[in-house]
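Peer 1: Sharing a structure, written as structure tokens. Questions coming.
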Amino acid sequence: MTAPAIELKGISKAFGPVQANKDISISVQPGTIHGIIGENGAGKSTLMSILYGFYKADAGEIFIKGQKTLIPDSQAAISAGIGMVFQHFKLVENFTVLENIILGAEDGRLLRPSLAKARKELKHLAEEYELNVDPDALIENLSVGHQQRVEILKALYRQADILILDEPTGVLTPAEADQLFRILDRLREEGKTIILITHKLREIMEITDTVSVMRRGQMTATVKTSDTSPQELAELMVGRKVLLRVDKKPATPGEVVLEVENLRVIDDKGVERVKGIDLTVRAGEIVGIAGVAGNGQSELLEVLGGFAEGTGTIRMNGTEIPLSGLGADGQARREAGICHVPEDRQREGLIMDYTAWENTVFGYHRNPEYQSGILMDNAAIQTEAEAKMERFDVRPPDPKLAAKNFSGGNQQKIVLAREIERNPDLLLVGQPTRGVDIGAIEFIHQQIVNLRDQGKAILLVSVELDEILSLSDRIAVMFDGHIMGERSPDQTDEKELGLMMAGITQEPEGDLAKVVDQQFALQEQEREGEANG
Amino acid sequence: EPALIFDLGGKFDKSFNEAAYNGAARWAGEHGTSFREIELQSEAQREQALRRFAEAGNNPIVMTGFAFGNVLSEVAPDYPDTKFAIIDMVVDAPNVRSVVFNEHEGSYLVGMMAAMASKTGTVGFIGGMDIPLIRKFACGYVQGVKAVNPDATVIQNMTGTTPAAWNDPVKGSELTKAQISQGADVVYAAAGGTGVGVLQTAADEGILSIGVDSNQNYLHSGKVLTSMMKRVDNAVYEAMKEGDNLDMGIYVMGVANGGIDYALDQHNEALVTGPMKREVDKAKEAISSGALSVHDYMSDNTCPVE
Amino acid sequence: MDKMPQWADVVLIPLISLILAAILSALVILAIGENPIDAFNLMVQGALMRSAGWGYTLYYATNFMFTGLAVAVAFHARMFNIGGEGQAMLGGLGVALACLYIPWPHWSLAIIGATVGAALFGAAWAYIPAILQARRGSHIVITTIMFNFIAAGVLNYLLVNMLRPVGAMDPATAKFPEATHLPTFRDMFSTADNIMFRGAPANVTFFIAIAACVLVWYLIWRTRLGYEIRAFGHSESAAKYAGISPVRITVIAMLISGALAGLMSINTTMGESERLILNSTEGAGFIGIAVALMGRSHPFGVFLAAILFGFLYQGGAELALWTNIPRELIVVIQALVILFTGALDNMVRMPLEKLFLALRRRDA
Amino acid sequence: MDFLTIIQILDSTIRLATPLLLACLAGLYSERAGIFDIGLEGKMLFAAFFSAAIAYSTGSVWLGLLAGIASSLVLSVVHGLASITFRGNQLISGVAINFLAAGMTVLVAQDWFKQGGRTPSLPDEARFGPITFPFADALENVPILGPIYSELLSGHSLLVYVAFACVPLTWWVLFRTRFGLRLRAVGENPAAVDTAGVSVVGLRYAAVMICGVLCGIAGAYLATALQAGFVKDMTAGRGFIALAALIFAKWRPWYALSATLLFGFLQAIALRYQNIELGNFVIPVQFMDILPYILTVVILAGFVGRAIPPRAGGEPYVKER
Ligand SMILES: Nc1ncnc2c1ncn2[C@@H]1O[C@H](COP(=O)(O)OP(=O)(O)OP(=O)(O)O)[C@@H](O)[C@H]1O
Ligand SMILES: Nc1ncnc2c1ncn2[C@@H]1O[C@H](COP(=O)(O)OP(=O)(O)OP(=O)(O)O)[C@@H](O)[C@H]1O
Ligand SMILES: [Mg+2]
Ligand SMILES: [Mg+2]
């Protein structure tokens, strides 16, 4: 038997008082894909960052291909042939793809030769692995999927033969994810070793050879993928039985709550992102909006939530509400009975430096029940926050902790607790479970369904087709600022939705994913043209 | 032990405060004793310094600068046994000697010399800040220039409006260069530390400059036409010398009693020609005798000539 | 879970940092040939052991509290208001106009008028940079720097040409009427046979400054507006999501900041000089930046930092009075205090944190 | 306004802009690497003093220049320690450095020279003299081009040419070299640099040091080229104006040149035309004095959009909370 490609022995790491990794040992065979799963905050990213030299372990040893290797910094990891795609990409946003690729791997002091060489090499890699990106595009203008390609290219350019991917599919559409897995397959065939962190059991089952489960900083099990089942993995992970499908009764739609007519949105770069949308949401139903990221869903939510401006008509319970100017802000929307779980909890939904209790009234801080005279009634807010956190099982249940100290899933629960407990007529939900572990997903989905069952209207935007399919009572697909069509979840499937998301309403020939990809490239070109023009 | 309080500009401003220091140092040297001194850092310290010195028994207490006027008139009555001398301001109290200078007279004299030394008929004035005292300097200077050459042009500039205006030699330099380019070939600086830049640039560019307050001729030997001397040193020296017997009341120091003069020494004797010296000395006499009266800007806030 | 007990964070670290700054200052004093222990004694004696010394210390501290709070409030909205100096200058103008042109019957009414004048003028001077930042994106750091220069020019013009009494040498306004003179500490605390705070300029404004600290604390941590200001300061995108208007918060925060800076001039102009003089701010606007940074933008921190700086100012004056140490030594000591307590505090914190963690591990 | 006047005003513009330009480029390196620096003023002042002091004591302007650079570097190290090694607040550190320089220069000057916080005047050989271009005198009378060549371009001190040469050099370093790429990256996203295997700390120190060198030259220019010696506080706020210019220039080298030239030009105009009469109304000198600042605000409000600083600017790079 050959030496394992990677062997970690007794790795421990503490961040101040937090023990993120406790005496972890793991070994990965060359030419395999090894999955790691675990709840939010279990210590997966930390462990991988140690392997990549980003953090220094407090204790433990690393063996690469049987050799004991010291990895004090990322330089050492790179020379040991390790590449890593972080959960939060490490790209320079206003640099071009090419510049990001060569950063730290330049040949010589001058840029020009390095760039020329990288351009050639990139073309080569792109052909070999179907990793097409425009080498001269700025990162900030790329979709998340393309940004991820850049990260992978970065690793390949450095000739990594051990590749770590930390939650790579959290931000991808199914088609993009499929494509990524084909690339990973390919790399495995070439003998490269891959470590894949994910929350999605389906992916684990689909592509990995072995899988390790982490809980609270410790490695609880390592099993052959073929010997296990999603159910078993979920239980290992969370420590209890988990429902993998949403348990929901058929909907009983009532009155129309939200009516959108001919909505148009132009973003601050002057690009029209929403191109005339008509949409209704009724009481007691969940309308899901599917679509590839960047097709105007974000803008739709932003306008409905009142923090971007648009044109057209919106009626809420029959009353028209303004789309721009006075009365078109988050405050007014909340008064009209619209609550909003934003797509980006860290940039929008929460003030990361505020305590949890302060965050539980964010956006509602002007409500009379939180005032006492000219001051805010902090005592009342805290008591209420405590109860909310309890009901939503936020861990740790400490309202005085700053939001940034909660894990992603728990942060999302704080936002949901705030918005759902308002009992709104209409709830806007964007990407409710992005980067959230299975246990928490189950809970969040349940809350959304409960709200619907109380007769509230819900508009859900998600790039997870799974999520859309299992939660929605009606599905609208957005493409290029238009709604391509509506489907009922039991009349459609992933395949059809995937095609609609690519702007195609008929069965095409050839490989679905490829078409989607081509479409996306086209679409991006077009948008660039618009942006430049 | 006498005490000396410097104004915010600080002891070594190369002109006014430094002259006061030199006077005190001369007295201390001659009498083999010492004196207390303080450089103020803030407005509020004026009163503090006065009271602390008075309470510590320092006598007399000499201070430089008109800004002490207000405070002194409040503090002096509290210490009837202490004698105060204030320079550049009149304070009406039985235990205060007020020494004021006729800077306009001295400026008049150096203005005459500037006009006589100028070949272009254009001379310059650079003040630190647009405040009444500096206008007084400027007004006397312009009168002197016009007295010699009624057609002469006087370019007047002020350095700035913030306290940095008194310590910005670079700006002084640029102003000088700007004046040179407009034809000035003699410049008179009344701008504290900024004046260092004026004199330097004048020397670098080969035109003449006029120093202020102390004798600054030595700074660029052979290139400083003269200095308008305000004998603050004498005033301080006198006050300290008289000590306990200090006479109270208002002392006007002017050309007549040698309190104001122009500087003539080995550094500028080559520059001051015979006729020039004759003319100026004539004016000096006329001023002393009262035959010639130089208008004081402060008397009515206007200047008869531009 | 914290890495350190709170007392260590709040008391121990600043204390060690101050000691380090003191040691370095002592070295500097040694280097210029003076005795650091004597110097330190002199400073403490002069600033803290006499009531008049306190009177000066608190007078300076009053200025720094106002400008420190001004900078702190803007900081909470993530704006760097370097314009305290100019706003305070204009505040002085407001005070002067209120005192000179309105016949107040009693100081207690006059101080209300002066407060309004100072706050209004200070806020007005902050308004233009604020609105330019909010609407046109003009960087507030540049515009407030520029407005400091502009304020100096405007004040210079007004004092020399309009407000100066005829024949006066000083570029300053006339003395304010008797009725507007504020009670000093001496008036307030002296008894017939025990004169306290003799000659010291500290006056009732000190209590206004304390009130301002308390009010700012309430404003920032207890009111809706403060909640919104801090939210905006932490994340503009989140603020927008919550329906908090960036323009409104930018402008309001700067108005409050400018008003606070303006209030400083009650102390200097009405309380001390009793007339408006040319350079009445004397850089207190800039010291305010250091005070706010050292006080971590918290009113209580600002209060302590202001007292510390007041002590340095007054102690420095005493040094200059009785020794030959140049007044710039105090500037150096201030610099070292700012450096060690403000910028280098991690130098102390990092090892301490390790120490406490190790202690805790051993206990556990 | 005749042609010669224009030339003279432009000439003055160049002199006034040079220290601003050097300080602005200094700030550019530092801030592009993510280290904000409001201590430019202090570093210039420090360098101005030490360059003058050493030039005076040794009689060599070159040793003076070196001393100026070295002293400015000392402050850079302090700033680096505070903001890079100990991850302190960069603004506080900058404020402290300004105070430190303001106090130390006078204290040391008084200790060394006993002239009240200034250095003695430098003799000519301890100063940077003007450099006259070949044929400058001969060509002086050629119309238009003559004065431009001999008055405007020729006759500045060496450091002026150094400053102007620094602009294309800076552009080239930032945008054409490996070092520049990494430097810009570390100001935008230090984690990207770190994970690419390059030392964030090393890069940031390098940037802060370059900043020190340029501030050192700027200070030496003030004290040994423009002036002949040090006077306390002689930088008179130029560090802050340079900072304003840097924001104005949106952290780009060529823009920095334009911004500082603009500031210099506005000042030159204000100095030249202090007393303008419009009919019977004399514009007060105070107005002309503040005109550059008013114009800056107007330009900023009217023509220059939002300036976006380097994204990681001002934030210490902390991996582990
Ligand atoms: N840089 C850091 N400084 C301090 N604590 C950290 C840091 N990074 C992670 N932690 C803490 O360490 C623990 C493990 O975090 P880690 O990111 O490894 O979890 P994870 O398993 O990747 O979670 P997720 O699924 O949410 O990505 C968490 O409690 C986290 O708060
Ligand atoms: N001007 C543009 N040119 C090219 N692509 C663009 C442009 N603007 C946006 N995009 C693409 O859209 C992507 C995401 O945009 P946006 O956040 O608005 O989409 P979304 O539909 O809300 O999806 P998600 O919320 O999942 O990101 C960007 O990352 C980018 O790839
Ligand atoms: Mg993770
Ligand atoms: Mg989006």
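The values are calculated or read from the model by the stated rules, or taken from the named source; none is laboratory data. All values reported here derive from a predicted model rather than from experimental measurement. No Cβ is skipped: glycine too gets one built from the backbone with ideal geometry, and neighbour counts run over all protein chains shown. We work out accessible area using only protein heavy atoms, side chains counted, and drop any ligands, DNA or RNA first. Shrake-Rupley method; radii C 1.70, N 1.55, O 1.52, S 1.80 Å.
Peer 1: What about A:E299, is it in the same structural domain as A:E464 (by TED's automatic domain parsing) and open to solvent by 50 Å² or more (accessible area, probe 1.4 Å)?
Peer 2: Judged against the criteria, A:E299 is not a match.
Conditions (1) open to solvent by 20 Å² or more (accessible area, probe 1.4 Å); (2) without any contact (Cβ under 8 Å) to a residue 24 or more places away in the chain; (3) within 14 Å of chain D (Cβ to nearest Cβ), marked per residue:
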| site | (1), (2), (3) |
| --- | --- |
| A:I101 | no, no, yes |
| A:R112 | yes, yes, yes |
| A:A118 | no, no, yes |
| A:K123 | yes, yes, no |
| A:E130 | yes, no, no |
| A:D134 | yes, no, no |
| A:E140 | yes, no, yes |
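Peer 1: Regarding segment C:321-330, can at least one residue be identified that is more than 7 Å from chain D (Cβ to nearest Cβ), at pLDDT 90 or above, within 25 Å of D:K43 (Cα to Cα) and part of a helix (DSSP H, G or I)?
Peer 2: No - not one qualifying residue is present in segment C:321-330.
Peer 1: I want to confirm something. Restricting to segment B:48-67 and keeping residues that are in contact (Cβ under 8 Å) with a residue 12 or more places away in the chain, open to solvent by less than 30 Å² (accessible area, probe 1.4 Å) and part of a helix (DSSP H, G or I), which single residue is nearest to the other protein chains (Cβ to nearest Cβ)?
Peer 2: The qualifying residue nearest to the other protein chains (Cβ to nearest Cβ) is B:R51.
Peer 1: Could you pull out the residue among D:G187, D:G229 that is within 30 Å of C:T143 (Cβ to Cβ), surrounded by 24 or more Cβ atoms within 10 Å (Cβ to Cβ) and either small (G, A, S) or under 15 Å from the mean Cα position of the chain (by Cα) (or both)?
Peer 2: From the options D:G187, D:G229, the qualifying one is D:G187.
Peer 1: Moving on to the next point. When you scan segment A:379-400, how many residues do you find that are open to solvent by 20 Å² or more (accessible area, probe 1.4 Å) and either in a loop (DSSP other than H, G, I, E, B) or closer than 18 Å to A:V341 by Cα (or both)?
Peer 2: 7
Peer 1: Read through the list (1) at pLDDT below 90; (2) open to solvent by 60 Å² or more (accessible area, probe 1.4 Å); (3) within 9 Å of chain D (Cβ to nearest Cβ), then give the number of the only condition that A:Q87 fails.
Peer 2: So the condition that A:Q87 fails would be (3).
Peer 1: Related question: Only one residue in B:V90, B:V148 is within 14 Å of chain C (Cβ to nearest Cβ) and open to solvent by 30 Å² or more (accessible area, probe 1.4 Å), so which one is that?
Peer 2: After applying the criteria, what remains is B:V90.
Peer 1: Mind listing whichever residues of segment A:51-78 are in contact (Cβ under 8 Å) with a residue 40 or more places away in the chain, within 14 Å of chain D (Cβ to nearest Cβ) and either open to solvent by less than 50 Å² (accessible area, probe 1.4 Å) or within 16 Å of ligand 4 (Cβ to nearest atom) (or both)?
Peer 2: Scanning segment A:51-78 gives A:L51, A:Y52, A:Y55, A:A57, A:I78.
Peer 1: Would you confirm whether or not segment A:177-192 contains a residue that is away from ligand 2 (no atom under 16 Å from the Cβ), open to solvent by less than 10 Å² (accessible area, probe 1.4 Å), at pLDDT 90 or above and more than 28 Å from A:Q75 (Cα to Cα)?
Peer 2: No; the residues of segment A:177-192 include none that is away from ligand 2 (no atom under 16 Å from the Cβ), open to solvent by less than 10 Å² (accessible area, probe 1.4 Å), at pLDDT 90 or above and more than 28 Å from A:Q75 (Cα to Cα).
Peer 1: Quick one: which strands (runs of 3 or more DSSP E) sit completely within segment A:284-378 and have at least 3 residues that are touching a His at 6+ places or on another chain (Cβ under 6 Å)?
Peer 2: Once the strands (runs of 3 or more DSSP E) in segment A:284-378 are filtered for at least 3 residues that are touching a His at 6+ places or on another chain (Cβ under 6 Å), nothing remains.
Peer 1: Okay, moving on. Residues to consider are C:G55, C:G86; find the one that is farther than 22 Å from C:I307 by Cβ, in contact (Cβ under 8 Å) with a residue 60 or more places away in the chain and under 20 Å from the mean Cα position of the chain (by Cα).
Peer 2: Sole residue among the options that is farther than 22 Å from C:I307 by Cβ, in contact (Cβ under 8 Å) with a residue 60 or more places away in the chain and under 20 Å from the mean Cα position of the chain (by Cα): C:G86.
Peer 1: Hey, another quick one. Look through segment C:146-190, keep the residues that are within 14 Å of chain D (Cβ to nearest Cβ) and aromatic (F, W, Y), and return whichever of them is most open to solvent (accessible area, probe 1.4 Å).
Peer 2: C:Y157
Peer 1: Name the residues in segment C:19-52 that are open to solvent by less than 30 Å² (accessible area, probe 1.4 Å), of a type outside the set (A, V, I, L, M, F, W, C) and over 24 Å from the mean Cα position of the chain (by Cα), would you?
Peer 2: C:P36
Peer 1: Based on what the data block shows, is A:V85 within 26 Å of A:T169 (Cβ to Cβ) and more than 16 Å from ligand 4 (Cβ to nearest atom)?
Peer 2: Yes: the conditions hold for A:V85.
Peer 1: Can you list the helices (runs of 4 or more DSSP H) lying wholly within segment D:197-298 that have 2 or more residues being within 14 Å of chain A (Cβ to nearest Cβ)? Step through it out loud before you land on a result.
Peer 2: Details: elements: D:200-220, D:238-248, D:253-272.
Result: D:200-220.
Peer 1: Quick check on my filter: what residues within segment A:210-264 are open to solvent by less than 40 Å² (accessible area, probe 1.4 Å) and among the polar types (S, T, N, Q)?
Peer 2: Listed by number, the residues that qualify are A:T210, A:S212, A:T225, A:T228.
Peer 1: What pairs come up if the first residue lies in segment C:333-344 and is more than 8 Å from chain D (Cβ to nearest Cβ) and open to solvent by less than 10 Å² (accessible area, probe 1.4 Å), the second is of a type in the set (F, W, Y) and not in a helix (DSSP H, G or I), and their beta carbons are under 9 Å apart, counting only those six or more places apart or on different chains?
Peer 2: Sorted first by the residue in segment C:333-344, then by its partner, the list stays empty.
Peer 1: Of the residues that sit in segment A:265-277 and are closer than 12 Å to A:D480 by Cα and open to solvent by 20 Å² or more (accessible area, probe 1.4 Å), which one is nearest to ligand 3 (Cβ to nearest atom)?
Peer 2: A:R273
Peer 1: Being touching a residue at least 24 places away in the same chain (Cβ under 8 Å), away from ligand 1 (no atom under 16 Å from the Cβ), open to solvent by 40 Å² or more (accessible area, probe 1.4 Å) and touching a Ser or Thr at 6+ places or on another chain (Cβ under 9 Å) is the requirement here; does A:T280 meet it?
Peer 2: no
Peer 1: Do we find a residue being away from chain C (no Cβ under 12 Å) and open to solvent by less than 50 Å² (accessible area, probe 1.4 Å) anywhere in segment A:327-336? Spell out the reasoning first.
Peer 2: Applying the first criterion (away from chain C (no Cβ under 12 Å)) to segment A:327-336 yields none.
Taking every residue of segment A:327-336 in turn, none turns out to be away from chain C (no Cβ under 12 Å) and open to solvent by less than 50 Å² (accessible area, probe 1.4 Å).
Peer 1: Restricting the search to segment B:274-301, which residues are in a loop (DSSP other than H, G, I, E, B) and open to solvent by 70 Å² or more (accessible area, probe 1.4 Å)?
Peer 2: Within segment B:274-301, B:A291, B:S293 qualify.
Peer 1: Shifting gears a bit: I need the full set of residues from segment A:401-438 which are part of a helix (DSSP H, G or I), away from ligand 2 (no atom under 16 Å from the Cβ) and buried (at least 19 other Cβ atoms within 10 Å of the Cβ), in order please.
Peer 2: Listed by number, the residues that qualify are A:A403, A:G409, A:N410, A:Q411, A:K413, A:I414, A:L416, A:A417, A:R418, A:E419, A:I420, A:I438.
Peer 1: If I filter segment A:153-176 down to residues being β-branched (V, I, T) and away from ligand 3 (no atom under 16 Å from the Cβ), which single residue comes out as surrounded by the fewest Cβ atoms within 10 Å (Cβ to Cβ)?
Peer 2: Top of the filtered list is A:I162.
Peer 1: Sticking with this one: With the condition kept exactly as written, say whether any residue in segment A:290-305 is more than 10 Å from every other protein chain (Cβ to nearest Cβ), away from ligand 4 (no atom under 16 Å from the Cβ) and closer than 18 Å to A:V274 by Cβ. If you could, list the steps in order and put the result at the bottom.
Peer 2: Looking only at segment A:290-305, we keep the residues that are more than 10 Å from every other protein chain (Cβ to nearest Cβ), and these are A:290-301, A:303-304.
Adding the requirement that they be away from ligand 4 (no atom under 16 Å from the Cβ) leaves none.
No, segment A:290-305 has no match at all.
Peer 1: For segment A:27-53, what are the residues that are within 26 Å of A:E189 (Cα to Cα), within 10 Å of ligand 1 (Cβ to nearest atom) and of a type in the set (G, A, S)?
Peer 2: If the condition is that a residue be within 26 Å of A:E189 (Cα to Cα), within 10 Å of ligand 1 (Cβ to nearest atom) and of a type in the set (G, A, S), then A:S45, A:S49 are the ones that fit.
Peer 1: Scan D:A101, D:A96, D:A70 and give me the residue that is within 18 Å of C:V331 (Cβ to Cβ), within 17 Å of the chain's Cα centre (by Cα) and part of a helix (DSSP H, G or I).
Peer 2: Matching residue, one of D:A101, D:A96, D:A70: D:A101.
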